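Read-outs throughout are calculated quantities, based only on the coordinates presented, and are distinct from any laboratory measurement. Computed from a prediction, not measured in an experiment: that's the story for all the values here. In this analysis, Cβ positions are derived from the backbone assuming ideal geometry, glycine residues included, and neighbour counts consider all displayed protein chains.
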Amino acid sequence: MSKRDRNDSPSRGAIILYCVAAFFCLLGLADATYLTVLALTGETAACGGQIGCSEVLGSAYSKLGGIPVAAFGVAGYFTAFTFATFAAFNYARARLFFAIMVGVLFASTLWLLYVQAFLLHAFCRYCLFSAAICFLLMGLVVASPSPRPSQN
């Protein structure tokens with residue numbers, strides 16, 4: 001038997017849920033890619049006159065070991081997108097790995113929100129958009145149906 005349980009087709013609700021999750025992962029991927037490109041090229045973000053945005057993106061917390069934090073977001077969102085796509089096709093391990101990846105993204109988001117609120121006292125609208133996506137993805141993980149037990 002393959003990693004995909006062929007006897008148990010996914011419910012329509014599960015397929016829709018993971019497709020929605022994959023879509024939001026793509027939005028997060030676009031946001032994180034934009035911020036990574038800005039960090040690597042030295043350009044400033046189009047923040048619409050918001051002062052806190054440049055403070056956050058230019059802070060010491062915006063890089064980890066010389067790598068832009070947004071680059072880790074690119075990797076995280078791409079990985080979550082991949083697992084969500086496979087989960088939509090009923091791969092049980094993909095559902096588990098998707099939940100784990102979203103948990104990592106969510107924990108990272110909580111830390112970065114703490115940094116913005118209590119250490120930098122400034123907020124970046126792109127970072128807040130990413131945080132909203134992470135909260136939404138965590139809600140989808142919590143709402144996702146548990147795998148049905150196989151009936152052999």
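Find out how many positive minus negative residues lie around Leu128, taking Lys and Arg as positive, Asp and Glu as negative, among other residues whose Cβ is under 15 Å from that of Leu128. Value of the local net charge: -1.
As a calculated quantity, the FRET efficiency between Leu113 and Phe23 at R0 = 22 Å, using C-beta atoms, amounts to about 0.45. Our helix-only sum for the chain, with -39,500 (n - 2.57) per DSSP H run of n ≥ 4 divided by its residues, gives a mean residue ellipticity at 222 nm of -22500 deg cm²/dmol. In the chain, a dipole from Cβ-located charges (positive for Lys and Arg, negative for Asp and Glu) runs towards its positive end, and of Ser54, Leu29, Phe78 it is Phe78 whose Cα lies farthest in that direction.
When peptides 19-25, 61-67, 110-116, 126-132 are sorted by average Cβ neighbour count within 10 Å, with the highest value leading, the order is 126-132, 19-25, 110-116, 61-67. Within the set (i) 25.0, 102; (ii) 17.5, 61; (iii) 15.3, 49, the number that Rg and Dmax of the Cα atoms in Å takes when calculated for this structure is listed as (ii). Shown for the chain: cysteine residues without a partner Cβ closer than 4.7 Å, namely Cys19, Cys25, Cys134. Only one residue of Tyr126, Val141, Leu64 has its Cα farthest out toward the positive end of the dipole of the chain, where Lys and Arg carry +1 and Asp and Glu -1 on Cβ, and that residue is Val141. On the beta carbon distance between His121 and Ile67, with R0 = 22 Å, the FRET formula returns roughly 0.35.
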